[in-house]
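Contents: one structure, followed by commentary.
The values are calculated or read from the model by the stated rules, or taken from the named source; none is laboratory data. What you see is a predicted model; the values in this text were computed from it and never measured. All Cβ positions, glycine included, derive from the backbone under ideal geometry; neighbour counts span all protein chains shown. Side chains included, ligands, DNA and RNA excluded: accessible areas come from the protein's heavy atoms. Shrake-Rupley method; radii C 1.70, N 1.55, O 1.52, S 1.80 Å.
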Amino acid sequence: MRISVNWVRELAPGIEGSPEELADRLSMSAVAVDEVVPVGDGIADIIVARVEETRPHPNADRLGLATITTGGPERIGIVAGASVRAGGLYPYAPPGTTLPGGLEIGARKIRGEVSQGMLCSERELELGWDHSGILELPPDLRPGERLVERLGFPDHCFVLDLTPNRVDLAGHLGVARELAPGGTSGVALPSLGPGTEGWSPVWKDGESDAAASGARVVIEDLGRCSRFLGIVIRGVTVGPSPAWLAARLWAIGGRPINNVVDATNYVMHELNQPLHAYDRAMLAGSEIRVRPAEPEERLRTLDKEDRILAPDVTVITDRDRAIGLAGVMGGEDTEVSPETTDVFLECAVFDPLHTRRTARHTGLATDASYRFERGVDATGLESAVTRCARLITALAGGEAEESAIRAGHLPGERPVVALRPARVQRVLGRRFERAELERILVPLGFDLQEGDAGGEADGDGERPLRLMVPGWRGDVTQEIDLIEEVARRHGYNAFGDEARAFRVSSVADDPAWSQADRVRRLMVGRGFQEVRSASFASEARAGPDAVTLRNPISAAEGRLRTDLVAGLLDRLEYNLARGRRDVRLFEIGTVFRSRGTEGLPFEELRAAFVITGRREIEHWSIEGADIDVWDLKGLAEDLGSELLEATVEPLGSRNEEELASARLEAAARWFEGEVFHLRKEGRVAGLAGRIAAEAVDGPAGMAPSWAAELRLADVVTGATSRYVPISPYPQVNRDLAAIFPLERTVAEIEVVIHDSAPPFLESARLFDVYEGGEIPAASRSLAWRFRFRAPDRTLTDGEVDAGMKKIMTALEEKADARIRSS
């Protein structure tokens, strides 16, 4: 959103400071200013020129020759675009001028004809983006005048990053209220000229049907349009806007069209209230209706596009046909043209949700829809439409009918919110007296309720302030909102930074937060970086039963993700495409799954990681082997033991029924070969495996990629570490080698070992695996080293021998072991 600094200063003359200083103040108190853009900087040498005559260029079809004057007798020859006309005024850059973009102008031959300088377009002067033709200037300028002086330049524009709750700052009046030293009292609308202030409309009201001055408004659905005001203006003369108005629109990136349309745009950017002017002669039956569009109804909009509508679109119609998209764009059939003499001026409140649906259906995003989608001030319509009618008569002549239409709901009483000074102190940590709170809030438009001494005293014996919320601040609905206003206007940097007494909360952290924190700590400790991505997915990445979005932000990502691995693979490809060979990423987020017609989609928090590249940081002293299946298994075991209290089990063929029960089949589709399951209480809580080669678009010769995904709800919270002192007594080591069938996994065998071992078994470490030779087929030899140690005594050989015997017996009975040596 672009805001002109000169325009703001005109509304609030008491504002002091450079544009950069004002931008800092605005950013610290109300809205972020992304950029301060100079306007009209570098056009000091541009002169207003009149074209006296034109003729075709003998050597170019798209160029013409023009003779211009700049207020003196000298006639200057120019090569210009074929669009210039005799009698028109244009910006002229004489030889020796340097344009804002750095282009130096001189006398040059163009296709064999000498051009003594050039006539400029909007883009060449950096007053807009139109480069299709030469910029024609308003007729109230005089040849020879310096353009910068007559247009009130140089100026600066704030590029605002508006938050949805502060749409009032999309208008210059809203920004002026924020920057003016006296707030609302320091702001005044500039006069529109002599004789314009005396006229005021007399409203003819009707809830859904109102008529006045030969026109009628019918609102068929008050849920789509709650208020609609209309004024008839007769006898206008449509023509170019004066220089001051054109300059205001150029400064904010707009384009002057004609004096009537420019008046509506000027008031919209000034007061933040969209308006629209219709050619009254083109309204069938002099009637305006607001209703849902009919199926397959057609409308040609002002951008000259033919649109096919649907019932979720809200349209403006006359008696016979659709003539506009409510809150978005008008129709071509009723636009104001040079032949227009009578105007019907509209000012309305359209429902944000229906406006958004209309804009989405038609693919349009306009200044009007931006405001209506976020909510306009329903109490400001009368002042906005009155000011616009006065401006039109000042610019285009004519006379506004005194009798005006006002259909829909009348605004109710202003909402009242109570503010307790003691509550302000508890939240902000600083005492604000009543008078100080009034000094901060009243200038923002929060007036004290008349005839109310403050109501009943609160628990601290103080009476609260009862403040009436202004119509342009619909986001303020409760006490905490007023406290935020106090904080920002006092200045966030003005609060002390000393440590103060506080009470530790007895409320436990949300389990989901604690679970995510444990995952985050473990993954960061293993060298991973966290990814935070949107929940959208393409059709190719979305898994089975994906939720399809009705109004996706991007057509390429029209579904909600069913697993986190899919999004991590996109991030992996992004890094690989930029030469990053070693990638370690993890994400904590929500996945979705459609329930069909049974209700809202299923949602679940998950954690996932993806890893590829070298096992260790690249260094000249090591070869740097790539991450392999054992590294993945180690990471999975870390997740299982430290987060889930789960075991890791390899599963050669996936159990689709178990995966479906855990809703992990969407993640499993990316894996190939052996998959590790994290099992908790007999069910699957997560899985890990190698990413299929075809799932990643990476460079040739890239290292294998590995990934894992688990259910966040299974992460154990509240676990605490217990200190166990190291035994001061000596350890006893024993080795054991045995032959096992190949189908027996080491994980299964170690479960048997630990279940049968005595309590003083300190560790069991596998140190040898051997196949072939004298080992029978389909078997292998595994060897462990056991370490025994008691915390309170020195073990005897008999105790250790008895423990070893129990382990060997259990291995023979439960793991089909044949003991080789011990």
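Some observations on this one:
- Condition met for GLY152 (surrounded by fewer than 22 Cβ atoms within 10 Å (Cβ to Cβ), of a type outside the set (D, E, K, R), touching a residue at least 60 places away in the same chain (Cβ under 8 Å) and part of a loop (DSSP other than H, G, I, E, B)): yes
- Complete set of residues in the range 379-396 that are among the aliphatic types (A, V, I, L, M), farther than 11 Å from ALA263 by Cβ and open to solvent by 10 Å² or more (accessible area, probe 1.4 Å): none
- Answer from SER535, SER554 - the residue that is surrounded by fewer than 22 Cβ atoms within 10 Å (Cβ to Cβ), under 19 Å from the mean Cα position of the chain (by Cα), hydroxyl-bearing (Ser, Thr, Tyr) and farther than 17 Å from SER594 by Cβ: SER554
- The range 185-205: number of residues that are out of contact with any strand residue (DSSP E or B) (no Cβ under 9 Å at 6 or more places or on another chain) and open to solvent by less than 50 Å² (accessible area, probe 1.4 Å): 6
- The range 99-134, subset among the hydroxyl-bearing types (Ser, Thr, Tyr) and part of a loop (DSSP other than H, G, I, E, B), residue most open to solvent (accessible area, probe 1.4 Å): SER132
- Members of the range 564-612 found to be of a type in the set (S, T, N, Q) and open to solvent by 20 Å² or more (accessible area, probe 1.4 Å), listed by number: ASN575, THR590, SER594, THR597
- Number of positions in the range 295-320 that are open to solvent by 70 Å² or more (accessible area, probe 1.4 Å) and either assigned to a strand (DSSP E or B) or of a type in the set (Lys, Arg) (or both): 6
- There is no residue in the range 158-181 that is among the polar types (S, T, N, Q) and more than 27 Å from the chain's Cα centre (by Cα).
- Scan of the range 489-529 for residues that are within 21 Å of ALA180 (Cα to Cα) and either more than 27 Å from the chain's Cα centre (by Cα) or modelled with pLDDT of 95 or more (or both), ordered by number: HIS490, ALA494
- Failed item in (1) open to solvent by 20 Å² or more (accessible area, probe 1.4 Å); (2) closer than 30 Å to TYR574 by Cβ; (3) part of a loop (DSSP other than H, G, I, E, B), with ALA703 passing the rest: (1)
- Looking only at the range 213-271, and only at residues there that are among the hydroxyl-bearing types (Ser, Thr, Tyr) and open to solvent by less than 20 Å² (accessible area, probe 1.4 Å), the one that is nearest to ILE288 (Cα to Cα): THR264
For (1) under 30 Å from ALA49 (Cβ atoms); (2) assigned to a loop (DSSP other than H, G, I, E, B); (3) touching a strand residue (DSSP E or B) at 6+ places or on another chain (Cβ under 6 Å), each residue gets a yes or a no:
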| site | (1), (2), (3) |
| --- | --- |
| VAL159 | no, no, yes |
| ASN165 | no, no, no |
| PRO240 | yes, yes, no |
| LEU249 | yes, no, no |
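- Unique residue being over 27 Å from ASP24 (Cβ atoms), free of Cβ contacts under 8 Å to residues at least 24 places away in the same chain and either of a type outside the set (A, V, I, L, M) or touching an Asp or Glu at 6+ places or on another chain (Cβ under 8 Å) (or both) when the list is PRO194, PRO138: PRO194
- Any hit, the range 732-741, residues being open to solvent by 70 Å² or more (accessible area, probe 1.4 Å) and at pLDDT 95 or above: yes
- Exactly one residue among ARG711, ARG663, ARG654 is closer than 26 Å to LEU572 by Cα, surrounded by fewer than 23 Cβ atoms within 10 Å (Cβ to Cβ) and modelled with pLDDT of 90 or more, and that residue is ARG711.
- Helices (runs of 4 or more DSSP H) fully within the range 336-404 that include at least 2 residues being in contact with a Lys or Arg (Cβ under 7 Å, 6 or more places away or on another chain): 352-362.
- Given (1) in contact (Cβ under 8 Å) with a residue 40 or more places away in the chain; (2) open to solvent by 20 Å² or more (accessible area, probe 1.4 Å); (3) part of a helix (DSSP H, G or I), number of the condition ARG439 does not satisfy: (1)
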